[in-house]
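What follows is a single structure, written as structure tokens, with notes after it.
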Amino acid sequence: MLNIPAPRFRKRRGRAKRPAQQSAPGVALVLESAIFQGDDAPQWVQLGFDRAISIAGLNGAQITVVDGALESVTYRATGSASLVNPTTVRINLVSIGPSEGPDVVMTATGATGIVAMDDAGTWAGVSDLVLPYP
């Protein structure tokens, strides 16, 4: 009969890994105000939200303003952007072509990159929102 000695060093088994806790998605941002300045250069849109925002990931190409009432021009929010206060951003607009219509309307997708500072909640955007709002 053969005696097989026990190994001197046994590999320690680590504790069972806990599944990573997924943080709850942030509460959606709520647009409280939107103002358009189109008759004087530079043209801009100012958006006010219900809580502090971050514009670090802003994608202005996702925001379009159609000025059918004043200048008959379509704009994209790809100009410079700055925070007016913690809850409000002002974005300069760039003309991208002519427009028609009786109103000034803004459309923004959910991919604008505007997020809440507290919980990274995102803004869902708007479709054909008549400006000024409210």
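Restricting the first residue to segment 51-63 and requiring it to be of a type in the set (D, E, K, R), which pairs with a second residue that is surrounded by fewer than 18 Cβ atoms within 10 Å (Cβ to Cβ) and outside any loop (DSSP other than H, G, I, E, B) meet a Cβ separation below 8 Å and a spacing of at least six or different chains?
Every condition considered, no pair remains.
Look at Val66 and say whether it is modelled with pLDDT of 95 or more, farther than 16 Å from Ala124 by Cβ and either loosely packed, with under 14 Cβ neighbours inside 10 Å or over 21 Å from the mean Cα position of the chain (by Cα) (or both).
Here the answer is no, as Val66 does not meet what is asked.
For the structure I just gave you, tell me whether Val66 is in a strand (DSSP E or B) and not hydroxyl-bearing (Ser, Thr, Tyr). Break it down stepwise before answering.
Numbers: in a strand (DSSP E or B): yes; not hydroxyl-bearing (Ser, Thr, Tyr): yes.
Yes.
Just wondering, is there one or more residues in segment 9-27 that are at pLDDT 85 or above and under 14 Å from Val126 (Cβ atoms)?
no
Which residue pairs have Cβ atoms closer than 8 Å, lie 6 or more positions apart in sequence or on different chains, and pair a first residue in segment 86-107 that is at positive phi with a second residue that is part of a loop (DSSP other than H, G, I, E, B)?
Gly101/Gly68; Gly101/Ala69
From Gly48, Gly113, grab the single residue that is in a loop (DSSP other than H, G, I, E, B) and either of a type in the set (Gly, Ala, Ser) or surrounded by 18 or more Cβ atoms within 10 Å (Cβ to Cβ) (or both).
Gly113
Could you please let me know if Asn85 is out of contact with any strand residue (DSSP E or B) (no Cβ under 9 Å at 6 or more places or on another chain) and at pLDDT 95 or above? Can you show your working first?
Values: out of contact with any strand residue (DSSP E or B) (no Cβ under 9 Å at 6 or more places or on another chain): no; at pLDDT 95 or above: yes.
So Asn85 fails the test.
When segment 38-79 is examined, which residues are found to be in contact with a Lys or Arg (Cβ under 9 Å, 6 or more places away or on another chain) and over 11 Å from Ile114 (Cβ atoms)?
Trp44, Val45, Gln46, Ala61, Thr64, Val65
The values are calculated or read from the model by the stated rules, or taken from the named source; none is laboratory data. Just so you know, these numbers come straight off a predicted model, no measurement behind them. Reconstructed Cβ throughout: ideal geometry from the backbone, glycine too, with neighbour counts over all protein chains shown.
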